[in-house]
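Peer 1: Take a look at the following structure, please.
Derivation of every value follows stated rules applied to the coordinates shown; laboratory data play no part. Quick caveat, the model's predicted, so the values are computed rather than measured. Glycine gets a Cβ as well: all are built from the backbone with ideal geometry, and neighbour counts include every protein chain shown.
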Amino acid sequence: MITSSIRRSPRPLRLVVRVFALLVLATLAACSTRLTPTVAQVSGRSVELVEAGAGAVTVVFESGLGDDWEPWDDVASEVALRTRVFAYSRPGYGDSDATSSPRDAAGIVEELRALLAARAVAPPYVLVGHSFGGAYMELFAKAHPEEVVGLVLVDSRHRDFTTACEAARIGGCSIPASAVASLPQVEIDEFQAFARSSGEIHAAGAFGAYPVRVLTATSHSESDAFEALWKSLHGSLAHEAAHGEQRVFNGAGHYLQIEEPEEVTQTILRLLPPPRP
């Protein structure tokens, strides 16, 4: 395993710059997107998705809890200049119809694979997942290694983080029950299914021979103990892979694809096969 760190400016300045940058990005996102989503009918349901670019390998993006496809817009736009990209909004997010299907990782992965097949998006894939979406993509890669040529986990929530955090008596391990109750139903369902998802990932076994890149943020507005455990468990993920590498973004927040789009983009592109002469 290789671990590398990217240092940022002093913390107070970082916080001011980050808040300003995220406000600007949110304003721009509200006005327009660089990629244009469509709403397709798949198995009788509406699914919001983005398909762009061309290439032998498709980069598939999965968002975190509470997010539609849009946080990937900047990164996917750049990747689409080199190869095919596929992003979508899970059921109940964006313009995708809700579903009564289970919201655990196994169900979400098989829904995604069915969606890719319905859209004639064949493997091989580079899978890219953020936060909860990283856990889903971890299961996809482990359960179907023959379809995967690379995996990028963008500040993914480790399958065992909540358990390890609570065992260490660290605050802020999970979303408070009162806050969970106020979430939309699809988010409640995914959140409550995450313990089952963790077991599904464990049962899937080891990573395949594909490269795994674990991108770690260190500023989640939590305690030093929380941040240290988050970073350590990410390191263990990279260590599990035969070709694993962790990159630590010191001072960066959870949405690395928004704060550090160029770094995330380059990480993905380096996993693509070289272009044919």
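Peer 1: Filter the DSSP H helices in the chain by two things, a Kyte-Doolittle mean of at least 1.0 and an axial alpha-carbon span of 18 angstrom or more, and list the hits by number.
Peer 2: Passing helices, by number: 11-31, 105-118.
Peer 1: Is the chain best put as rounded, prolate or oblate by its Cα gyration tensor, with a ≥ b ≥ c the root eigenvalues, rounded for a/c under 1.5, and otherwise prolate when a/b is larger than b/c, oblate when not?
Peer 2: Since a/c stays below 1.5, the shape of the chain is classed as rounded.
Peer 1: Efficiency by 1/(1 + (r/R0)^6): what FRET value for Ala203 and Ala54, r their Cβ-Cβ distance, R0 = 45 Å, to the nearest 0.05?
Peer 2: Taking R0 as 45 Å, the efficiency between Ala203 and Ala54 is 0.80.
Peer 1: Please state the shape class of the range 172-239: rounded when a/c is under 1.5, otherwise prolate if a/b exceeds b/c and oblate if not, all from the C-alpha gyration tensor.
Peer 2: The shape class here is oblate.
Peer 1: Residues of the range 236-277 with the amide nitrogen closer than 11 Å to a label point 7 Å from the Cα of Asp160, along Cα-to-Cβ, please.
Peer 2: So the set is 236-237.
Peer 1: Using a/c under 1.5 as the rounded threshold, could you call the range 74-204 rounded, prolate or oblate? The axes a ≥ b ≥ c are square roots of the C-alpha gyration tensor eigenvalues, and prolate needs a/b larger than b/c, oblate otherwise. Walk me through the numbers on the way to the answer.
Peer 2: On the way: a/c = 1.77, a/b = 1.49, b/c = 1.19.
It is prolate, given that a/c is not under 1.5 and a/b is the larger ratio.
Peer 1: Using the Karplus equation 6.51 cos²θ - 1.76 cosθ + 1.60 (θ = phi - 60°), what ³J(HN,Hα) coupling, rounded to whole Hz, does each residue of the range 68-73 give in order, writing x for Gly and Pro?
Peer 2: 7, 6, 4, x, 8, 3
Peer 1: Okay, next question. State to the nearest 20 debye the size of the charge dipole of the chain about its Cα centre, where the only charges are +1 on K and R beta carbons and -1 on D and E beta carbons.
Peer 2: Rounded to the nearest 20 debye, it is 640 debye.
Peer 1: If you take every residue apart from Gly107 with its C-beta less than 13 Å away from the C-beta of Gly107, what net charge results, scoring Lys and Arg +1 and Asp and Glu -1?
Peer 2: Net local charge, Gly107 excluded: -2.
Peer 1: In deg cm²/dmol and to the nearest 500, what is the mean residue ellipticity at 222 nm of the chain if only DSSP H runs of at least 4 residues count, each as -39500 (n - 2.57), divided by the residue total? Could the numbers behind the result be given before it?
Peer 2: Numbers: 10 runs with 116 residues, N = 277.
That calculation yields -13000 deg cm²/dmol at 222 nm.
Peer 1: Please give, to one decimal in nm, the separation of the simple spin-label points placed at His220 and Ala120, each 7 Å out from Cα toward the Cβ.
Peer 2: Going from the His220 label point to the Ala120 one covers 4.2 nm.
Peer 1: Let's test the formula: R0 of 35 Å, r as the Cβ-Cβ distance of Gln192 and His239. What FRET efficiency results, to the nearest 0.05?
Peer 2: Step by step, r from the Cβ atoms, then E = 0.75.
Peer 1: Which is the longest part of the chain that has none of the trypsin sites (Lys or Arg not before Pro) sitting in a DSSP loop with at most 10 other Cβ atoms within 10 Å?
Peer 2: It runs 8-168.
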